[in-house]
1. Out of the residues in segment 23-36 that are within 12 Å of residue 62 (Cα to Cα) and out of contact with any helix residue (DSSP H, G or I) (no Cβ under 9 Å at 6 or more places or on another chain), state the one that is modelled with the highest pLDDT.
2. Condition first: farther than 23 Å from residue 7 by Cα and outside any helix (DSSP H, G or I). Now tell me which residues in segment 18-67 satisfy that.
3. Anything in segment 57-80 that is in contact (Cβ under 8 Å) with a residue 24 or more places away in the chain and either farther than 15 Å from residue 25 by Cβ or over 15 Å from the mean Cα position of the chain (by Cα) (or both)? List them, or say none.
4. Going residue by residue through segment 41-59, is there one that turns out to be modelled with pLDDT under 85 and among the aromatic types (Phe, Trp, Tyr)?
5. Out of curiosity, is residue 83 in contact with a helix residue (DSSP H, G or I) (Cβ under 8 Å, 6 or more places away or on another chain) and either modelled with pLDDT of 90 or more or under 18 Å from residue 24 (Cβ atoms) (or both)?
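The values are calculated or read from the model by the stated rules, or taken from the named source; none is laboratory data. In this text, all values refer to a predicted model and were calculated from it rather than measured experimentally. Positions of Cβ are generated from backbone atoms using ideal geometry, with glycine treated the same way; all protein chains shown enter the neighbour counts.
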Amino acid sequence: MARYYMKDNMLVHISYSGPYLTRIKYPQTLEVLCKIHYGESKNHAEGKLLAHKAFNAGYFWHIMRQDSMEYVQRCDRCQCYKLIS
């Protein structure tokens, strides 16, 4: 069975857990991480949680956990308040 298919000119990943995930590449990954990290509540989600939230929002890329951890490490507020996991 194919693990990917095209929908609206986007590559969609079929995960084992069920949801269809839109596969994105840089710089879209930064946009997604920024929107989730700063979010409406400005809660500054930590690295692992940030990757989990991106996954639950329907996004996928192969190094999403690594990118999420690096993104949080560059956040001054997270560094100041030790919000890094």
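1. The extreme case among them is 25.
2. The answer is 39, 40, 41, 42, 43, 44, 45, 46.
3. 57, 58, 68, 71, 72, 73, 75, 77, 78
4. no
5. No: the conditions fail for residue 83.
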